[in-house]
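Data first, discussion second: the structure below is written as structure tokens.
Every read-out reported here was derived from the displayed coordinates using simple, explicitly stated rules and does not represent laboratory data. Every value quoted in this text rests on a predicted model; they were computed, and no experiment measured them. Reconstructed Cβ throughout: ideal geometry from the backbone, glycine too, with neighbour counts over all protein chains shown.
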Amino acid sequence: DAKTTQPPSMDCAEGRAANLPCNHSTISGNEYVYWYRQIHSQGPQYIIHGLKNNETNEMASLIITEDRKSSTLILPHATLRDTAVYYCIVRVGDTDKLIFGTGTRLQVFP
Amino acid sequence: GAVVSQHPSWVICKSGTSVKIECRSLDFQATTMFWYRQFPKQSLMLMATSNEGSKATYEQGVEKDKFLINHASLTLSTLTVTSAHPEDSSFYICSVWGSTPYEQYFGPGTRLTVT
């Protein structure tokens, strides 16, 4: 299974962009990159996913490098409510499994 | 609104007893559901894949006789922790894939405390 590597923690000032990196150097050609976040004591919340192209939705943007070995989640204007643990996940091949890594704890400060 | 619900949201039980956790898919039928466990300050660990009408598939290292999974309908999967012990105290979360194949929805979780 492709593994992901993320920094354990990051800080971001409110109103600024939060850029969360993820390394997935062993990803296979048909494996999607997913991002979820988890606020304390809640179930994970879907943010965005992508295969090859950059993606954007109302929550965030996902930038995937051309070789697909890494990606960056961008929260364009972080708010205090964005404080959470962010998980970068590679969907396992043709299965439906999502295998979580250790995640990045993002702290947004005023 | 909520797509996946879990019941109960928290439960306390005595060591040696069994406890059942329900996971319901509210908006669509789910032939497959997933069960995760999360210890404090740790990531989610996939325990098993629940398959409607057939046996669950357990991840390596998860005791199938201890964590009984039943997926009797397309909207309900249950996880029973048998003969619970304090080390089973954890946050249990279920999930389902949505009607489009791209987003997995997670339940709010059930916090189990075994005394």
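A few points about this structure:
- Residue exposure sequence - A:20, B:26 - by fewest surrounding Cβ within 10 Å: B:26, A:20
- The overall shape of the protein assembly as shown, judged from the alpha-carbon gyration tensor, is prolate: a/c is not under 1.5, and a/b is greater than b/c.
- Averaging the sequence gap over all C-alpha pairs within less than 8 Å and six or more residues apart, then dividing by the number of residues, gives chain B a relative contact order of 36 percent.
- Inter-label distance for residue A:107 and residue B:42, nm, one decimal - labels placed 7 Å from Cα along Cα-to-Cβ: 2.4
- Pairwise FRET efficiency - residue A:10 versus residue A:56, Cβ, R0 = 30 Å, nearest 0.05: 0.90
- Isolated Cys residues of the protein assembly as shown, judged by Cβ distance under 4.7 Å to other cysteines: A:12, B:13
- Counting beta carbons within 10 Å around each of B:47, A:10 and listing the fewest first gives the order A:10, B:47.
- For the pair residue B:57 and residue A:19, label points projected 7 Å from Cα toward Cβ lie 3.9 nm apart.
- For residues of A:98-106, the mean tally of beta carbons on other chains within 10 Å: 3
- Here each label is just a point 7 Å from Cα along the line to Cβ, and for residue B:115 and residue A:3 those points are 4.0 nm apart.
- Straight-line cross-link partners of residue A:3 among the lysines, defined as a Cα under 27 Å from its Cα and at least 8 positions apart when in the same chain: A:52, A:69, A:97, B:41, B:64.
- Chain A, relative contact order in percent, only Cα pairs under 8 angstrom and at least six apart counted: 37
- Surrounding net charge for residue B:93, when Lys and Arg each add one and Asp and Glu each subtract one, Cβ distance under 15 Å: +2
- Rounded if a/c under 1.5, otherwise prolate or oblate - region A:33-110, Cα gyration tensor axes: oblate
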